[in-house]
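A quick write-up on the structure given underneath.
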Amino acid sequence: MKYFKKIASLVLALALALVLAVPAMAANTYTITAPNNGHTYEVYQIFTGDLYNGVLSNVKWGQNGTGTTGAAVPDSILEELEKATGTDTEKLAVITKYVNLSSTPYNTVVGGTPLTGVPAGYYLIKDVDGALAGENDSYTTYIVEVVDDVTIAPKSDVPEVEKKVKDTNDSTGDTSGWQDSADYDIGDSVPFQLTATLADNVSAYTTYKVVFHDTLSKGLTYNNDAKVYIDGKETSGFTVTATVNADGTTTLTVSCDDVKALGAGNSSVITVEYTATLDDDAVLGSAGNPNEVYLEYSNNPNKSEAGNNETGNTPTDKVIVFTYKVIVNKVDGEGAPLTGAEFTLEKYNKETGEWEAITAVKNDEGTTFTFSGLDDGKYRLTETKTPAGYNSIAPIEFTITAEHDVLADDPALTSLSGNATTGEITFTSSTAEGSLSTNVVNKAGSTLPETGGIGTTIFYVLGAVLVVGAGVVLVTKKRMG
């Protein structure tokens with residue numbers, strides 16, 4: 001059987017597996033060893049025969065071949081296999097025509113337990129179907145071996161996904177790069193980015209499915225503006241669906257059944273960019289507003305026809321958006337709550353060059369004013385109404401500063417502080433609540449003398465003294481005259 005002199009080299013040329021062969025010392029049976037990677041492999045016997053120096057002769061159908069077990073394989077089939085050329089996928093298309101994958105496998109092999117006593121022959125080795133459904137793992141492309149003693153080194157790869165957010169300080173105009181946390185004012189539009197780096201063996205798939213499963217927390221409203229890019233070029237080949245869930249969260253699904261048709265290939269980078277508005281449901285403080293994404297992707301190159309994709313899932317990746325509040329307590333000079341005041345809080349926006357007003361919520365007594373949903377930045381507190389009998393205060397300017405993890409699997413708010421640049425106030429900080437609290441003191445006005453009081457009495461006494469004195473001077477002058 002001259003044809004199998006070249007078939008052995010064909011199999012070894014397949015880049016789908018690295019075969020470490022050891023010359024057989026016995027002519028009867030051999031050993032197949034698999035890597036200890038948690039996979040279980042099915043072994044299908046296509047042909048059997050006599051193996052000598054890498055040449056299989058007297059070729060017969062194996063128990064999983066498409067012919068009658070033990071019958072001679074026709075020369076036409078052997079010639080077709082010998083002439084198989086082109087890509088690995090094309091070669092496998094020829095080889096797999098002659099194995100019955102619906103039959104009971106010859107055997108299985110798992111890492112750490114070599115399969116021994118294997119007769120010389122031609123075998124197809126594959127992952128057990130369904131073993132990796134939903135896992136962050138991928139099936140091995142079919143491996144075909146002419147058995148000597150071999151250790152198979154199957155090749156598989158999985159994509160990665162990450163989510164990022166940008167942070168902007170309105171007062172300074174500074175915007176960060178893509179990172180894992182940010183803080184914003186309620187009402188701000190928050191930019192997000194999802195990035196998937198595909199597996200390095202996309203070419204082994206007939207079609208390659210990609211689905212971003214992105215979740216926005218209750219405090220964020222999707223702005224229906226997602227754009228998708230493949231290797232930096234915008235594409236319209238993805239379907240984008242936003243669903244508001246019963247708990248107030250939003251699920252954003254960005255999907256394509258075959259990114260290969262859009263030009264994606266091995267290790268391609270797919271990017272999704274969109275914005276969401278931080279709304280009144282936003283959570284203040286260290287709990288923040290977390291957002292997560294995971295990627296669903298094709299993970300079986302052997303079953304990747306359109307509509308027949310098996311898929312796996314990456315781990316989730318998380319970012320957090322923080323927001324804060326300022327609490328102003330109006331007190332008198334003794335530190336007691338003082339009613340009758342009103343305040344306006346403004347934030348400086350460098351882009352517009354203006355101070356922008358922020359709405360306050362006050363308690364029933366009108367002594368505590370809470371300004372919620374604030375970003376870091378520069379602020380001005382102005383007393384717009386002063387309690388009767390008290391002196392007005394000058395506007396107070398202060399800066400909110402926050403620190404949070406910008407590169408972390410689980411980003412945290414690490415510090416929050418307020419620093420007054422004008423006015424005499426100090427802040428008490430709570431990172432857990434995301435709050436900065438301060439007392440603003442009004443001092444009582446000066447008390448002026450009242451009519452008929454001691455002030456006028458003094459004038460009366462002085463007047464009487466002057467009159468008496470004048471009389472004494474007048475009497476003295478008459479006597480001297």
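Annotations for the structure displayed:
- Only strands (runs of 3 or more DSSP E) whose full extent lies in the stretch 303-394 are considered here, and the ones with at least 2 residues that are more than 30 Å from Ala133 (Cα to Cα), of a type in the set (A, V, I, L, M, F, W, C) and in contact with a strand residue (DSSP E or B) (Cβ under 7 Å, 6 or more places away or on another chain) are 317-322, 324-331, 342-349, 354-358, 368-374.
- From the options Asp214, Asp225, Asp231, residue that is within 30 Å of Ser156 (Cβ to Cβ) and open to solvent by 20 Å² or more (accessible area, probe 1.4 Å): Asp231
- Filtered residues of the stretch 66-117 (kept if open to solvent by 60 Å² or more (accessible area, probe 1.4 Å), farther than 27 Å from Pro35 by Cβ and among the β-branched types (Val, Ile, Thr)): Thr66, Thr68, Thr69, Thr85
- Restricting the stretch 176-203 to residues that are of a type in the set (Phe, Trp, Tyr) and under 16 Å from the mean Cα position of the chain (by Cα), the residue that is surrounded by the most Cβ atoms within 10 Å (Cβ to Cβ): Phe192
- Output for the stretch 399-429, where each listed residue is open to solvent by less than 50 Å² (accessible area, probe 1.4 Å), polar (S, T, N, Q) and under 14 Å from Leu374 (Cα atoms): Thr399
- The single residue among Gly265, Gly187 that is farther than 29 Å from Glu310 by Cβ and not β-branched (Val, Ile, Thr) turns out to be Gly187.
- Residues of the stretch 217-241 satisfying the condition of being under 11 Å from Leu262 (Cβ atoms), among the aromatic types (Phe, Trp, Tyr) and either touching an Asp or Glu at 6+ places or on another chain (Cβ under 7 Å) or not in a loop (DSSP other than H, G, I, E, B) (or both): Tyr229
- Count - residues of the stretch 242-254 that are β-branched (Val, Ile, Thr), part of a strand (DSSP E or B), out of contact with any His (no Cβ under 8 Å at 6 or more places or on another chain) and surrounded by 14 or more Cβ atoms within 10 Å (Cβ to Cβ): 2
- Which numbered condition Glu383 fails, given (1) modelled with pLDDT of 95 or more; (2) out of contact with any Gly (no Cβ under 7 Å at 6 or more places or on another chain); (3) surrounded by 14 or more Cβ atoms within 10 Å (Cβ to Cβ): (1)
- Residue count for the stretch 259-314 satisfying the condition of being more than 30 Å from Phe371 (Cβ to Cβ) and not polar (S, T, N, Q): 23.
- Looking at Thr151, Thr206, Thr168, just one residue is closer than 30 Å to Asn308 by Cα and open to solvent by 20 Å² or more (accessible area, probe 1.4 Å), and that residue is Thr206.
- Selection of the stretch 81-100 for residues being within 18 Å of Thr140 (Cβ to Cβ) and either at pLDDT 90 or above or part of a strand (DSSP E or B) (or both) yields only Val99.
- Scoring Ala336 on the criteria (1) without any contact (Cβ under 8 Å) to a residue 24 or more places away in the chain; (2) crowded, with 16+ Cβ neighbours inside 10 Å leaves a single failure, condition (2).
The values are calculated or read from the model by the stated rules, or taken from the named source; none is laboratory data. Quick caveat, the model's predicted, so the values are computed rather than measured. Every residue, glycine as well, gets a Cβ built from its backbone with ideal geometry; the counts of neighbours run over all protein chains shown. Surface accessibility is based on the protein's heavy atoms, side chains included, excluding ligands, DNA and RNA. Shrake-Rupley method; radii C 1.70, N 1.55, O 1.52, S 1.80 Å.
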